[in-house]
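Note sheet for the following structure.
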Amino acid sequence: MSEPARVEMTEAEWRARLTPEQYRILREKATERPFTGALSENHETGNYHCAGCGALLFASGAKFDSGCGWPSFMIPAESKSVTEHEDTSLGMRRIEVTCAGCGGHLGHVFPDGPRPTGLRYCINSASLSFTRVE
């Protein structure tokens with residue numbers, strides 16, 4: 001798979017494109033409150049895209065109910081659709097997940113997910129858009 005096309009915008013363009021909540025999460029690395037996101041309880045078949053640039057990030061077949069309050073996925077839709085970075089904010093070591101297309105903050109990945117990957121991509125609903133597939 002090739003690298004996703006890089007989307008670059010000014011902060012003013014991002015603010016115009018995103019809702020205030022999306023901007024706060026995608027561009028300022030905030031986190032939505034648990035159990036408040038529109039996609040946490042979504043069980044439809046389809047694809048999850050970056051709310052910032054539209055890149056395909058996750059498929060519904062990789063989504064599972066972790067009980068953590070955010071949409072959780074076992075694996076990205078494509079290996080190069082997300083990037084991972086060490087995050088030492090809040091006095092702990094975590095792995096931040098960002099969109100490879102626009103660099104938007106999505107959430108974090110943890111090593112406590114189900115088999116076969118053992119990973120839990122814990123993603124903010126506001127950083128995602130969903131497209132239903134029949």
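The values are calculated or read from the model by the stated rules, or taken from the named source; none is laboratory data. For clarity, every value in this text was computed on a predicted model and none was experimentally measured. For neighbour counting, all protein chains shown are included, and Cβ atoms are generated from backbone atoms with ideal geometry for every residue, glycine included.
Of everything in region 84-134 that is among the polar types (S, T, N, Q) and under 12 Å from LYS29 (Cβ atoms), the residue that is surrounded by the fewest Cβ atoms within 10 Å (Cβ to Cβ) is SER89.
Could you count how many residues in region 37-53 are in contact (Cβ under 8 Å) with a residue 40 or more places away in the chain and either farther than 18 Å from GLU78 by Cα or not in a loop (DSSP other than H, G, I, E, B) (or both)?
So in region 37-53, the residues in contact (Cβ under 8 Å) with a residue 40 or more places away in the chain come out as 37-40, 42, 44-53.
Next cut, either farther than 18 Å from GLU78 by Cα or not in a loop (DSSP other than H, G, I, E, B) (or both) only: 37-40, 42, 44, 46-50.
Looking only at that region, the number is 11.
The residues of region 98-129 that are in contact with a Gly (Cβ under 8 Å, 6 or more places away or on another chain), assigned to a strand (DSSP E or B) and either polar (S, T, N, Q) or farther than 25 Å from GLU8 by Cβ (or both), listed by number, are THR98, ARG120, CYS122, SER129. For ALA5, the stated conditions hold: it is of a type in the set (A, V, I, L, M, F, W, C), more than 14 Å from SER129 (Cα to Cα) and loosely packed, with under 12 Cβ neighbours inside 10 Å. For region 61-73, a tally of residues being modelled with pLDDT of 95 or more and either within 11 Å of the chain's Cα centre (by Cα) or surrounded by fewer than 19 Cβ atoms within 10 Å (Cβ to Cβ) (or both) returns 7.
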